[in-house]
Amino acid sequence: MIEFLNKELNWVDVEYWFSIFNDWSLVYLIIPFFIVELVRYKIQDRLSKDVIFDSIANVITLGAFVTIEYIIGILFATKLYFWVHYNLSLPHLPLNWITIICCVLLADFAYYWDHRMMHRIGIGWATHTVHHSSPHFNMSVAYRFGPLDAVFPLLFSIPIVMLGFDPILVLLSEVFVQVFQTLLHTEMIKKLPKPIEYIFNTPSHHRVHHGSNRQYWDKNYGGILIIWDRILGTFEPEVETVRYGIDKPINSNNPFVIFFHGLQRLGKKVATTKGFINKLLCLIKPPGWESK
C-alpha cells in the first residue's frame, strides 16, 4: 500500500483525472442535476420567473468572475505561484498519491480560512455577499460569484506552494474543492448518514451556511470537510428551516446589481464614515462594524 501511494505519477494521468472531476463534472453531473431541480420546482409549483431570472443572473456573474480570474491568472497569479515555487519554497515534492491527497487536504483547510475571512472582514464580505444574496438555493447559486472572489484565495494558497507542492497541483486542488462545493447547493438531498454528516460537508450543512436566520450567520465555512468547523467552533447543525439570502436583500435579478452591490454598499459606508482610520477599518472590521 505504501509503495502504491509513493509511486511517482505521470502528470498527463493526473491532469486527466482532475479534468474528469473538475471540468467534465459540469456536463455529466451538475447540469443534469440542475435540470432535475427545475423539474422539482415545477412539480412543487415553485418554478417562477424569479427562479429562472435568478439562475440566469448566476450564470452571468460566473462569466464575469471567470473573465476576472483568467486576467488575474495570466497576468499575475500563475507567475507568482511559480516564482514562489522556485525561490521561496521548501524542497519540491514528488508527484504521487500522498502529495495529491495532502495537497487537497491543505487546499480544503486553506479554503476554510479564506471563506471565514471573506465573512469576517468588510472588503471580503463586499465581494462574497454576492454569493449569499440569492433567496433561492440550487446548483446555479454555486456559480454566483463576486468581483474579488478570485483574489483572496491567493493569500492562503501561496503558503501551500511554499511547502514544496507544485503550483499546478495546488491550482487543481483548489478547483477540486470548489467543484465539491457546487454539489452542496441543493435542497433535494436532505440529511445523509451520520458518519458522513460528521466528517464531510453536506447539502444540509451548506444550507445552514446560506441561511439568513440569525443563528446560522457565519457558520459552516468548510469546503469538503466539516471537521474544520467542528474543531474551530464554527459548526451549526440544520434544525430550523433555512431562510436563504442576506439580512438586507437586494431584491433584484439584474446581474450588474447583483455583481456589484456589495462593493457599492461598502463604498457608501466608507464615504459616510468619518475619519481616515475609521474608513480603513470599514475594510477590515466585520461587516456590521460601525464607528463610534
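The single condition among (1) assigned to a helix (DSSP H, G or I); (2) over 19 Å from the mean Cα position of the chain (by Cα); (3) closer than 30 Å to I35 by Cβ that Y198 does not satisfy is (3).
Has segment 67-86 got any residue that is small (G, A, S) and surrounded by fewer than 19 Cβ atoms within 10 Å (Cβ to Cβ)? Give the derivation first.
Step one: filter segment 67-86 for residues small (G, A, S), giving 73, 77.
Among the residues that remain, those that are also surrounded by fewer than 19 Cβ atoms within 10 Å (Cβ to Cβ) are: 73.
Yes, some residue in segment 67-86 is small (G, A, S) and surrounded by fewer than 19 Cβ atoms within 10 Å (Cβ to Cβ).
Selection within segment 74-89: residues that are closer than 10 Å to L154 by Cβ and not aromatic (F, W, Y). The member of this set that is nearest to the chain's Cα centre (by Cα) is A77. Among the residues of this structure, I168 does not count as one that is buried (at least 19 other Cβ atoms within 10 Å of the Cβ) and out of contact with any His (no Cβ under 9 Å at 6 or more places or on another chain).
The helices (runs of 4 or more DSSP H) located wholly in segment 211-292 that include 2 or more residues which are exposed (fewer than 11 other Cβ atoms within 10 Å of the Cβ) occupy 255-272, 276-284. When segment 143-157 is filtered for residues that are outside any loop (DSSP other than H, G, I, E, B) and farther than 17 Å from R116 by Cα, only Y143 remains. Of the residues V161, V177, the single one that is touching a Gly at 6+ places or on another chain (Cβ under 8 Å), part of a helix (DSSP H, G or I), closer than 27 Å to I100 by Cβ and modelled with pLDDT of 95 or more is V177.
Do we have T186 as touching a residue at least 40 places away in the same chain (Cβ under 8 Å), of a type in the set (V, I, T), crowded, with 17+ Cβ neighbours inside 10 Å and within 27 Å of Y41 (Cβ to Cβ) here?
On the way: touching a residue at least 40 places away in the same chain (Cβ under 8 Å): yes; of a type in the set (V, I, T): yes; crowded, with 17+ Cβ neighbours inside 10 Å: yes; within 27 Å of Y41 (Cβ to Cβ): yes.
The answer is yes for T186.
Inspect all residues belonging to segment 83-100 and state whether any of them is part of a helix (DSSP H, G or I), in contact (Cβ under 8 Å) with a residue 40 or more places away in the chain, hydroxyl-bearing (S, T, Y) and under 24 Å from V141 (Cβ atoms). No: zero hits. For segment 199-222, indicate whether the set of residues that are out of contact with any Pro (no Cβ under 6 Å at 6 or more places or on another chain), within 30 Å of E15 (Cα to Cα) and in contact (Cβ under 8 Å) with a residue 60 or more places away in the chain is non-empty. The answer is yes; a qualifying residue exists. Taking the criterion of being on the phi < 0 side of the Ramachandran plot, more than 23 Å from the chain's Cα centre (by Cα) and free of Cβ contacts under 8 Å to residues at least 12 places away in the same chain, the residues of segment 42-73 that qualify are K42, I43, Q44, R46, L47, S48, K49. If you go through segment 126-165 and keep only what is within 24 Å of L29 (Cβ to Cβ), open to solvent by 20 Å² or more (accessible area, probe 1.4 Å) and over 13 Å from the mean Cα position of the chain (by Cα), you end up with just H136.
The values are calculated or read from the model by the stated rules, or taken from the named source; none is laboratory data. The shown structure was predicted, so the numbers you read here are calculated from the model rather than taken from an experiment. Cβ: placed from backbone, ideal geometry, glycine included. Neighbour counts: every protein chain shown. Protein only, heavy atoms only, side chains kept; ligands, DNA and RNA dropped before computing areas. Shrake-Rupley method; radii C 1.70, N 1.55, O 1.52, S 1.80 Å.
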